[in-house]
Amino acid sequence: MKIDLNSDLGEGFGRWKSGDDEALMKIISSANVACGYHAGDAIIMHRMVELAKENKVALGAHVGLPDLLGFGRIPMDIKPRDMQKHALYQLGALAAIGQVGGYKVTHASSHGAMGQMGIANPEFVEMLFDVFKAFDKDIIVAPQPGSHGMGYAKKIGLRTVCKIFADRAYDDNCRLVNRKMPNSVITDLKEVEQRLIQLMDDSTITAQSGKRMKVDAQCILVHSDTKGAVEIARTVRETVEKGGGQIVPLTELAS
């Protein structure tokens, strides 16, 4: 089984740093780089491109709401078409830095509340994917299983890989449990290991309630700001490889 180990990186700003990007880049196979709105800046983005190139990690744009104070995790009253323009601005910025640095942006994703807003109003995710495709018809997206985003991406011909999270709890509808709820973030390495073993054994994950849910996922994401993120990512890689699987960039998996 081939699996992409994915992480959101470059989430500092100016002199403020979040997460161990250098260590994670040596473990993961694909990176989603903050593009200056929810986090990140020009200097950090340049460094992420350099690190991704050095470690042969697929480079992706992680676009978010214009909300440094709330780290892009607070929903905003914004029109879908305006949000689309903000997304394009961020994607274009990272693509330009990548082009100058000799490394292409291969995928794009939404961060935090931007993605959650797409669940409440499908127009958000549709316009987001429309602009991704208009920018690059070969760009890859990694929606969650059973989501409207997955169906719409396939409808418009975007390349896709299904994604689940190693460090987040799920509800019975295979949606992420709100971060405000108890035990919504998973930091126990044994629990992470069990999730990967179960996924590899029968393509299921277990909801917080105990319900087993079928998923067709080949992309596993670890948030760089989760406590112990480096150890979580290492656990994912080691579990996959011990189980006879292989960690590869999502560029090798997208269809």
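In the range 131-152 there is at least one residue that is among the acidic types (D, E), surrounded by 15 or more Cβ atoms within 10 Å (Cβ to Cβ) and either out of contact with any Pro (no Cβ under 9 Å at 6 or more places or on another chain) or without any contact (Cβ under 8 Å) to a residue 60 or more places away in the chain (or both).
If the requirement is being farther than 26 Å from V125 by Cβ and basic (K, R), which of these qualifies: K79, K104, K85, K53?
Details: K79 fails: farther than 26 Å from V125 by Cβ; K104 fails: farther than 26 Å from V125 by Cβ; K85 fails: farther than 26 Å from V125 by Cβ.
Selected residue: K53, the only one of K79, K104, K85, K53 that is farther than 26 Å from V125 by Cβ and basic (K, R).
Put simply, of I3, I28, I43 the only residue that is at pLDDT 95 or above and out of contact with any strand residue (DSSP E or B) (no Cβ under 7 Å at 6 or more places or on another chain) is I43. On the stretch given as the range 205-234, residues that are of a type in the set (S, T, Y) and within 18 Å of L9 (Cα to Cα) total 2. As a summary of the residue check, M181 satisfies the conditions (1) touching a Ser or Thr at 6+ places or on another chain (Cβ under 6 Å); (2) at pLDDT below 95; (3) not acidic (D, E) except for the one numbered (1). For the range 219-239, filtering for residues that are more than 18 Å from T187 (Cα to Cα) and either surrounded by fewer than 22 Cβ atoms within 10 Å (Cβ to Cβ) or more than 18 Å from the chain's Cα centre (by Cα) (or both) leaves 0.
Residues that are among the basic types (K, R) and under 18 Å from H111 (Cα atoms) do not occur anywhere in the range 191-211. Hey, can you tell me all the residues within the range 207-228 that are out of contact with any Ser or Thr (no Cβ under 9 Å at 6 or more places or on another chain) and free of Cβ contacts under 8 Å to residues at least 60 places away in the same chain? Across the range 207-228, the qualifying residues are A207, S209, G210, K211.
The numbered conditions (1) free of Cβ contacts under 8 Å to residues at least 40 places away in the same chain; (2) surrounded by fewer than 16 Cβ atoms within 10 Å (Cβ to Cβ) are all true for T187 except (1).
For C174, indicate whether it is touching a residue at least 40 places away in the same chain (Cβ under 8 Å), of a type in the set (A, V, I, L, M, F, W, C), touching a Gly at 6+ places or on another chain (Cβ under 9 Å) and under 23 Å from G60 (Cβ atoms). Reasoning before the result, please.
Details: touching a residue at least 40 places away in the same chain (Cβ under 8 Å): yes; of a type in the set (A, V, I, L, M, F, W, C): yes; touching a Gly at 6+ places or on another chain (Cβ under 9 Å): yes; under 23 Å from G60 (Cβ atoms): yes.
Yes; evaluated as a whole, the condition is true for this residue.
Identification of strands (runs of 3 or more DSSP E) wholly contained in the range 186-247 with 2 or more residues that are of a type outside the set (K, R) yields 204-206, 219-223.
Could you please find all residues in the range 4-29 being more than 13 Å from A58 (Cβ to Cβ) and either outside any loop (DSSP other than H, G, I, E, B) or of a type in the set (S, T, Y) (or both)?
Correct list: D8, F13, W16, S18, D21, E22, A23, L24.
For the range 46-59, a tally of residues being outside any helix (DSSP H, G or I) and either modelled with pLDDT under 95 or under 22 Å from W16 (Cβ atoms) (or both) returns 0. The one condition from (1) touching a Leu at 6+ places or on another chain (Cβ under 7 Å); (2) in contact (Cβ under 8 Å) with a residue 60 or more places away in the chain; (3) surrounded by fewer than 24 Cβ atoms within 10 Å (Cβ to Cβ) that R73 does not meet is (1).
The values are calculated or read from the model by the stated rules, or taken from the named source; none is laboratory data. A quick note: this is a predicted structure, and the numbers were derived from the prediction, not measured. Glycine also receives a Cβ, built like all others from the backbone with ideal geometry; neighbour counts cover every protein chain displayed.
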